[in-house]
1. Considering each of ILE44, ILE23, ILE75, ILE86 in turn, give the residue that is within 21 Å of the chain's Cα centre (by Cα), buried (at least 18 other Cβ atoms within 10 Å of the Cβ), touching a residue at least 60 places away in the same chain (Cβ under 8 Å) and outside the structural domain of HIS303 (by TED's automatic domain parsing).
2. Criterion first (aliphatic (A, V, I, L, M), at pLDDT 95 or above and more than 16 Å from GLY215 (Cβ to Cβ)) does ALA63 satisfy it?
3. Being assigned by TED's automatic domain parsing to the domain that holds LYS58, of a type outside the set (Phe, Trp, Tyr), at pLDDT 95 or above and assigned to a loop (DSSP other than H, G, I, E, B) narrows it down to one residue among LEU253, LEU239, LEU231; which is it?
4. Looking at segment 24-38 only, could you name the residues that are touching a strand residue (DSSP E or B) at 6+ places or on another chain (Cβ under 8 Å) and either outside any strand (DSSP E or B) or not hydrophobic (A, V, I, L, M, F, W, C) (or both)?
5. With a cut-off of at least 1 residues that are β-branched (Val, Ile, Thr) and within 30 Å of VAL343 (Cβ to Cβ), name the strands (runs of 3 or more DSSP E) lying wholly within segment 52-146.
6. Please enumerate the residues belonging to segment 54-71 that are closer than 22 Å to LYS97 by Cβ and surrounded by fewer than 23 Cβ atoms within 10 Å (Cβ to Cβ).
7. Answer yes or no: is there a residue in segment 61-79 that is over 26 Å from GLY108 (Cβ atoms) and of a type in the set (A, V, I, L, M, F, W, C).
Amino acid sequence: MILEELSNAFGVSSVEGEVRKIIVEAVKDYADSWRIDTMGNLFITRRRRIETEATPLKVMVTAHMDEVGFMISEIKGSGLLKFKPIGGFDRRILLGKAVVVGQDRVPGVIGLKPVHLVKRGDRHTVGSIDSMSIDIGANSGSNGQVNVGDFATFATEFGYLGGQPNEVSPDTGRVKGKAFDDRAGCAVLVDLLKGDYPVDLVAVFTVQEEIGSRGAQVAAYAVKPDLAFILECTAADDLPRQSDEADEGIPRLGDGPAITVMDRSFIADRKLVDLLIETAEAAGLPYQFKRPGIGGTDAGAVHTIREGVPSAVVSVPARYIHAPAAVLDLTDFWNTVKLMTAVLQKLPVK
């Protein structure tokens, strides 16, 4: 499935070209037009296929191509690489992880001092990112393999938990991979472009979301949409709790697409939220809500452009996002596709 190709692709913020190329090949036969802007946003337009009496709305649906990662900031004489984070990280997950550096995917590992050499008082602390290094096996310098300014990301391959797709029902089961935030959203949007709708659909695969929704701001200004949907991958909060903590949080794997009512960057348009809920219930599709006030998405940039854009966010939940490997449930992915297809076919909203 295309989610596998997108997950495995190298696409840290500002170097999304490999991801963009995969998407273009997947959707060009369904596009009435497409273009790439100066920032690298990919715009795919699929004009109205279902006739209505009303003038067709221009509906922008976005998903961001970039992933969190690192930039090489210094090459030490020893050959070790110092780096800066691109996007948000919990530094506890970094030590000892395998990475690839640069477009040639030079293999490396984020160095971890073995427990034998750690002072007893320091064993339960995590150093700053500035104290960490990537080891690519160079004896001095980088042997010309890596340059300052190169990007790095986790060396994680997509895979099915359990080994193989379900032969009877291949669209079910759980998968692991890097960059599901937001390659899952990109894969949903690719599938949506195959459908027919009573609106002019402008699909925008945006850049640089992880460093401030920079691509989405430019894209929304250019498109000037009547309304927008942002497709995301959001953090599932269904891991085991300590005995003194509350029950499992939300959203949860397997409970359907997650609808945002509010996050740190915007409050969703109530009419669009109601439309999502009504559509899901009418179609018998499961849905849930993202915990209000957590995180931010491209909607934070889109909804304030020009005179304002009514916006909503629908997310595929996944465990362990912004980490070497996330886990998502394929039923959530396909239910997100079904929900968004049904919503787009019900527009326009009065």
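The values are calculated or read from the model by the stated rules, or taken from the named source; none is laboratory data. Computed from a prediction, not measured in an experiment: that's the story for all the values here. Please note: Cβ atoms are built from the backbone with ideal geometry, for glycine as well, and neighbour counts cover all protein chains shown.
1. ILE86
2. No: the conditions fail for ALA63.
3. The conditions single out LEU253.
4. If the condition is that a residue be touching a strand residue (DSSP E or B) at 6+ places or on another chain (Cβ under 8 Å) and either outside any strand (DSSP E or B) or not hydrophobic (A, V, I, L, M, F, W, C) (or both), then VAL24, VAL27, LYS28, TYR30, ALA31, ASP32, SER33, ARG35, ASP37 are the ones that fit.
5. 58-64
6. VAL68, MET71
7. There is at least one residue in segment 61-79 that is over 26 Å from GLY108 (Cβ atoms) and of a type in the set (A, V, I, L, M, F, W, C).
Residue-by-condition table, conditions (1) surrounded by 12 or more Cβ atoms within 10 Å (Cβ to Cβ); (2) of a type outside the set (A, V, I, L, M):
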{"residue": "PHE158", "(1), (2)": "yes, yes"}
{"residue": "GLY163", "(1), (2)": "no, yes"}
{"residue": "ASP171", "(1), (2)": "yes, yes"}
{"residue": "GLY177", "(1), (2)": "yes, yes"}
{"residue": "ASP182", "(1), (2)": "yes, yes"}
{"residue": "VAL188", "(1), (2)": "yes, no"}
